[in-house]
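Have a look at the structure below before the remarks.
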Amino acid sequence: MTITMPDNEGAPKTGRRRLAGLLTRRRPTSRAQRFSTVLRRIGDEADERIFFSELAEVFGDRVFGALMFIFAVPNVLPLPPGTSSVLGAPLILIAAQLAVGRRTLWLPKFIAGRSILREDFQRLVGRTLPYLRRLERFLAPRFDVMFGIVGDRLIGIACFLLAVILFLPIPLGNMLPGLAIVLFSLALLQRDGIAAIAGWVATAASVAVLVAISGALWIAAKAFVHALF
């Protein structure tokens, strides 16, 4: 996946117009549309590049769950080393705003101006859609107690900590935290308490794995130092 920082003055305008059109046509019924449908249409209608600022506009009040999903789901897939750090930085920012209770997402210029190649976005969506569509059959609004002022902030805090873990260069340490954030993002998108519970379970598993890996590395480091001296 190629994420770039474009020259704002030379950035292509066609894709911006197309996504703006998508925003104009879809926003009145965006809540009724499945998330998988919106992802596919973005990939079909965008031009050469898709800018993160445009994604934030298209998803409207579903922006926290939507962008966390987009940035987190690649971590569940096999990726080149270092990719999780690139994707973890925007996740930290988004989750932090959810944790403090913001209702609208603010993106600094250095993130809002970044873009992803349409082909890369389509490739990611193509690999994700079959699984996402299966999950959407079971997702539904339920267990509202998991959300609200307190619930959303707790999810934000958990996703912030998970994003920090993703940002760290921990071998094989990105899949479980990425999965946990994906589950939380789907929970926020559909207000599904079952998905939120699954996210908390995956979070607990991520922390347990992190503790185990950290403990093993500490023991190995102590043994190495002892062997030297």
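Looking at region 85-94, which of its residues are open to solvent by 10 Å² or more (accessible area, probe 1.4 Å) and in contact (Cβ under 8 Å) with a residue 40 or more places away in the chain? Within region 85-94, S85, V86, A89, I92 meet the criteria. Kindly provide the set of residues from region 134-176 that are surrounded by 24 or more Cβ atoms within 10 Å (Cβ to Cβ) and either aromatic (F, W, Y) or assigned to a loop (DSSP other than H, G, I, E, B) (or both), ordered by number. Hit for region 134-176 is N174, nothing else. Listed conditions (1) assigned to a helix (DSSP H, G or I); (2) modelled with pLDDT of 55 or more; (3) open to solvent by 20 Å² or more (accessible area, probe 1.4 Å) are all met by Q33, apart from (1).
Count, please, the residues in region 36-71 that happen to be open to solvent by 30 Å² or more (accessible area, probe 1.4 Å) and not in a helix (DSSP H, G or I). The total comes to 3. The residues of region 95-111 that are part of a helix (DSSP H, G or I) and either in contact with an Asp or Glu (Cβ under 9 Å, 6 or more places away or on another chain) or without any contact (Cβ under 8 Å) to a residue 60 or more places away in the chain (or both), listed by number, are Q97, L98, A99, K109, I111. For region 194-216, name all the residues that are under 18 Å from L168 (Cβ atoms), under 19 Å from the mean Cα position of the chain (by Cα) and not hydrophobic (A, V, I, L, M, F, W, C). Within region 194-216, T203, S206 qualify. Within this structure, R118 fails the test of being among the basic types (K, R) and free of Cβ contacts under 8 Å to residues at least 60 places away in the same chain.
Sort out which residues of region 134-190 are among the aromatic types (F, W, Y), more than 17 Å from F69 (Cβ to Cβ) and within 17 Å of the chain's Cα centre (by Cα), and write them in order of number. F167, the sole residue that qualifies.
Is there a residue being touching a Pro at 6+ places or on another chain (Cβ under 9 Å) and either surrounded by fewer than 17 Cβ atoms within 10 Å (Cβ to Cβ) or among the charged types (D, E, K, R) (or both) anywhere in region 113-123? Yes, there is a match, as at least one residue in region 113-123 is touching a Pro at 6+ places or on another chain (Cβ under 9 Å) and either surrounded by fewer than 17 Cβ atoms within 10 Å (Cβ to Cβ) or among the charged types (D, E, K, R) (or both). When region 177-203 is filtered for residues that are in a helix (DSSP H, G or I) and open to solvent by 60 Å² or more (accessible area, probe 1.4 Å), the ones remaining, listed by number, are L179, I194, I197, W200, V201.
The values are calculated or read from the model by the stated rules, or taken from the named source; none is laboratory data. Treat the numbers as computed from the prediction; the structure is a model and nothing was measured. Backbone-built Cβ (ideal geometry, glycine too); neighbour counts: all protein chains shown. We work out accessible area using only protein heavy atoms, side chains counted, and drop any ligands, DNA or RNA first. Shrake-Rupley method; radii C 1.70, N 1.55, O 1.52, S 1.80 Å.
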